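Since the structure comes first, as structure tokens, the remarks are kept for the end.
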Amino acid sequence: MTLSKRKFGRTGWNVSEIGFGAWAIGGSWGSVGEDDARAALNAALDSGVTFIDTADVYGDGRSERIIRDVLRERGGERPIVATKLGRRLDPHVTSGYLNKHALEGFIDRSLSNLGVDTLDLVQLHCPPTEVYYRPEVFDAMDSLVAAGKIRFYGVSVEKVEEALKAIEYPNVVSVQIIYNMFRQRPAELFFREALKKNVAVIARVPLASGMLTGKLSADSVFAADDHRAFNRHGEAFDVGETFSGVPYDVALKAVDELRGLVPVDASMAQLALRWILMEDAVSVIIPGSRNAAQAASNVSAANLAPLSNATMQRVRDVYKQYIAPHVHQRW
């Protein structure tokens, strides 16, 4: 299939509207063998994906190194590879982001892991809110662009307020934010502002940690090293990253309400991805995949016909009834 491309803000890039999120092939999603990880990435690239998102902490660099090795083996035109920095800080506090030497050290490590001389896109990885109010952090990123170590930089945020603050900085070219059927608030104001300022939007956690695949149940069991087991209440990082912050039992009820909207010969996951593609402000969606079949299925969501007004309204209604009381005011 030929994946449609979308403009990636003011970078001059056009990227596939569905990309590849490489968290799962790094860690925190249970065991994913290297063969499966490589197969998932190859399947996505074979399907036309031209945007890969990773981070230095995904498997302590494992995700970056797998991407490096697969791209070297494939050769040919290279996709855009975005990575992130900051979560290696211990403690993960604002003062760490004020240390330009530390930031440069993280970038040097990612350059090595990815086997490149210049990183395409580096994103601050969900830093504390205070970081967005410290211009010197963004000045440091500007200097790293000037040094030729990175082409562009952006941010990955937890909250809409952080996204709105981040795009006040003139050289922030992209914002990665959770946007899915269970997290609709970005569409209220932030997307309008992003379009106005020509900022790329990367939609992450598009399937609400697998909840919007429709395959989970009250009896589902997750491995001990899967964040869906160890971060249910935000024990390790922001709880909004796990099931989009929606209580598990509430999310299951909402999914049951959405099942009737799934088109014939499509999956609920594909419906959920197609729903995101209805938003013009979104530049690329980055679903994760643990194997080749999941990767190919995610990409094929782009083949679904545009959703009807009735379907879009029903999703809004389910969100307002079940989900919004738990998440809307929080993120």
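Straight-line reach from Lys253: which lysines fall under 27 Å, measuring Cα to Cα and dropping same-chain residues less than 8 apart?
In chain and number order, the partners are Lys159, Lys215, Lys320.
Evaluated at 25 °C with a viscosity of 0.890 mPa s, what Stokes-Einstein diffusion coefficient in µm²/s does the range 1-42 have when Rh comes from the Kirkwood expression over alpha-carbon pairs?
Answer, rounded: 200 µm²/s.
Can you give the Rg/Rh ratio of the range 243-331, where Rg is from the C-alpha atoms and Rh is the Kirkwood radius?
0.96
Quick check on packing: order 31-41, 180-190, 14-24 by the mean number of other C-beta atoms within 10 Å, highest mean leading.
14-24, 180-190, 31-41
Over the Cα atoms of the range 88-209, how large are the radius of gyration and the largest Cα-Cα distance (Dmax), in Å?
14.5, 40
Based on the alpha carbon coordinates of the chain, what radius of gyration and maximum Cα-Cα distance (Dmax) apply, in Å?
18.5, 54
When only alpha-carbon atoms count, how far does the range 180-331 stretch along each of its three principal axes, as whole angstroms with the largest first?
Taking the Cα atoms of the range 180-331, the three principal extents are 42, 35, 31 Å.
In straight Cα distance, which aspartates and glutamates are under 13 Å from Lys5, not counting same-chain residues fewer than 8 positions off?
Candidates past the 8-residue exclusion: Glu17, Asp280.
Treating the beta-carbon of each Lys and Arg as +1 and of each Asp and Glu as -1, no other charges, what is the dipole magnitude of the range 33-178 about its Cα centre, to the nearest 20 debye?
140 debye
Pop out the ³J(HN,Hα) list for the range 181-191 in order, Karplus 6.51 cos²θ - 1.76 cosθ + 1.60 with θ = phi - 60°, rounded to Hz; leave Gly and Pro as x.
Running phi through 6.51 cos²θ - 1.76 cosθ + 1.60 with θ = phi - 60° gives 4, 9, 9, 9, 4, x, 6, 6, 9, 4, 4 Hz.
Under the rule of -39500 (n - 2.57) per DSSP H run of 4 or more residues, summed and divided by the residues of the chain, what mean residue ellipticity at 222 nm is obtained, to the nearest 500 deg cm²/dmol?
The helix contribution divided over the chain gives -10000 deg cm²/dmol.
At q = 0.22 Å⁻¹, what is the base-10 log of I(q)/I(0) for the range 1-107 according to the Debye formula with one equal point scatterer per Cα and no solvent? Please give it to two decimals.
For the requested q values the scattering log ratios are -1.17.
How big is the dipole moment of the range 125-277 about its Cα centre under a simple scheme where the beta carbon of each Lys and Arg is +1, that of each Asp and Glu is -1, and everything else is neutral? Debye, nearest 20, please.
Roughly 480 debye, rounded to the nearest 20.
With +1 on the Cβ of every Lys and Arg and -1 on the Cβ of every Asp and Glu, and nothing else charged, how large is the dipole of the chain about its Cα centre, in debye rounded to the nearest 20?
Magnitude of the dipole: close to 660 debye.
Show which lysines lie in cross-link reach of Lys197 when reach means a straight Cα distance below 18 angstrom and same-chain residues fewer than eight apart are skipped.
Lys7, Lys165
Bear in mind these aren't lab numbers, they're just calculated from the coordinates by the rules spelled out. Because the structure is a prediction, the values reported are computed rather than measured. All Cβ positions, glycine included, derive from the backbone under ideal geometry; neighbour counts span all protein chains shown.
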